[in-house]
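Engineer: Below is the structure I would like to discuss, written out as structure tokens.
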Amino acid sequence: MLAMLSFTLGLGLGGGQPVMMSLLTTRAPPGRMGEVAGLRMSLIQTMAVAAPLAFGALGTTLGLLPVFWGVGVCLATGGIVAWRGA
């Protein structure tokens, strides 16, 4: 069961990168794809550090329930924004 769930998660996470790179390639100004890709990587790495710190601090001060609700609100907001943009 864990192997199947891990495989599904890997497909979901791994399938997003080619789509994102294709979108960036088509939307980037001519000759600036390297800058766009670098900015994408910078934002990903920044969020990989900042999000756990922020939610950890929130969980320490307010408890675990607000962290789950905060993550849920972030995901729902992202879904709504993506749905409206599509």
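None of the figures in this text is laboratory data; all of them are computed from the coordinates on show. Worth saying up front: this structure is predicted, and the values here are computed from it rather than measured. Ideal geometry is used to build each Cβ from the backbone, glycine not excepted, and the neighbour counts take in all protein chains shown.
Engineer: Which members of segment 24-42 meet the condition of being under 28 Å from G70 (Cα atoms), among the hydrophobic types (A, V, I, L, M, F, W, C) and either touching a residue at least 40 places away in the same chain (Cβ under 8 Å) or surrounded by 11 or more Cβ atoms within 10 Å (Cβ to Cβ) (or both)?
Structural biologist: Narrowing segment 24-42 to residues under 28 Å from G70 (Cα atoms): 39-42.
With among the hydrophobic types (A, V, I, L, M, F, W, C) added as a condition, the list becomes 39, 41.
Listed by number, the list holds a single entry, L39.
Engineer: For segment 35-46, does any single residue satisfy the condition of being in a helix (DSSP H, G or I) and more than 19 Å from P18 (Cα to Cα)? Reasoning before the result, please.
Structural biologist: Residues of segment 35-46 that are in a helix (DSSP H, G or I), as a first pass: 35-46.
With more than 19 Å from P18 (Cα to Cα) added as a condition, the list becomes 46.
Yes: segment 35-46 contains one or more residues that are in a helix (DSSP H, G or I) and more than 19 Å from P18 (Cα to Cα).
Engineer: Still on this structure: Look through A82, A57 and report the one residue that is on the phi < 0 side of the Ramachandran plot and surrounded by 10 or more Cβ atoms within 10 Å (Cβ to Cβ). Spell out how you get there, then give the answer.
Structural biologist: Details: A82 fails: surrounded by 10 or more Cβ atoms within 10 Å (Cβ to Cβ).
On inspection, the qualifying residue turns out to be A57.
Engineer: Within segment 6-29, how many residues are within 15 Å of R40 (Cβ to Cβ), over 17 Å from the mean Cα position of the chain (by Cα) and of a type in the set (G, A, S)?
Structural biologist: Qualifying residue count for the region: 1.
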